[in-house]
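Here the structure comes first, spelled out in structure tokens, and everything after it is commentary.
Each reported figure results from applying straightforward, stated rules to the coordinates on display, with no laboratory input. Everything numeric here is computed off the predicted structure, so don't read it as measured data. Please note: Cβ atoms are built from the backbone with ideal geometry, for glycine as well, and neighbour counts cover all protein chains shown.
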Amino acid sequence: MRVIAGSRRSLPLKAPTGMDTRPTQDRTKETLFNIINNNIYDCTFLDIFSGSGGIAIEALSRGAGRAVLIEKNRNAIACIRENIKFTRFENESECLEEDVFTAIPKLKGRYSFDIIFMDPPYKAGLEERVLETIAKNNIAHEDTIIIVEAALDTGFDFVADLGMEVYRTKKYKTNQHVFIRFI
């Protein structure tokens, strides 16, 4: 696993040990960032269920102005902090070591994110609850891009009830990126 492009291109990143996280593969990460590339520069980026921090670090390397990472797994937090220190993004990032449903309300009034990426545990049914929490806490604006990495069979029919819509889906062999915006 490495930083694909930008100011920290080719720097290797560590992944947490164990089976609790699934770092996004480099090819999948590259495809994702090719899709959102025009929206990255100077954006405020939120990475939920951060794992290794690789997605937020990639965003910072490509010019994001600020990244906030949320992760509750201690092993993953240690890895994120090592990766942030190694890539020298301490000043551009903030790492919250807590449950997403506790962390998001704390961000209200502090940030209005341009891009929100989340990679919850597959098949845990957290997507709807997290999106609802995002909507309730006003941490996004009308142009925010929300990206959910999910299993291929995860449905998103519920987003209309949250005032959102799925406007793009990119499917891979084992998962998908679902692009959501407010309507």
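Round to the nearest 10 and give me the degree value, 0 to 90, for the angle of helix 26-36's Cα axis relative to the longest principal axis of the chain.
60 degrees
How about the range 14-73: which chymotrypsin sites (Phe, Trp or Tyr not before Pro) there are in a DSSP loop, with at most 13 other Cβ atoms within 10 Å of their Cβ?
Numbers: sites: Phe33, Tyr41, Phe45, Phe49; in loops: Tyr41, Phe49.
Those that pass, being in a loop and sparsely packed, are Tyr41.
With +1 on each Lys and Arg Cβ and -1 on each Asp and Glu Cβ, and nothing else charged, work out how big the dipole of the chain is about its Cα centre, in Debye to the nearest 20. Intermediate results must be reported in sequence, preceding the final value.
On the way: 25 positive and 26 negative charges, 128 e Å.
It works out to roughly 620 debye.
For the charge dipole of the chain, defined by +1 on Lys and Arg C-beta atoms and -1 on Asp and Glu C-beta atoms about the Cα centroid, which residue among Val3, Ile40, Ser112 has the Cα displaced farthest towards the positive pole?
Looking along the dipole axis, the top candidate is Val3.
Cα-based count: Lys pairs in the chain below 18 Å, eight or more positions apart or different chains?
So the count works out to 11.
From Cα pairs below 8 angstrom and at least 6 apart in sequence, can you work out the relative contact order of the range 103-158, rounded to a whole percent? It would help to have the intermediate numbers written out before the result.
Details: 58 pairs, mean separation 28.2, N = 56.
Contact order relative to length: 50 percent.
Which one, Ala135, Thr102, Thr87, projects farthest toward the positive side of the charge dipole computed for the range 39-183 from Cβ point charges (K/R +1, D/E -1)?
Result: Thr87, furthest along the dipole toward the positive end.
Give the residue list of GluC sites (Glu not before Pro) in the range 57-110 that are DSSP loop and have at most 15 other beta-carbon atoms within 10 angstrom.
Details: sites: Glu58, Glu71, Glu82, Glu90, Glu92, Glu94, Glu97, Glu98; in loops: Glu98.
Hits after loop and neighbour filter: Glu98.
Of the listed values [x] 54; [y] 69; [z] 63, grab the one calculated as percent of Cα pairs over 19 Å apart from the structure here.
Answer label, from the structure shown: [x].
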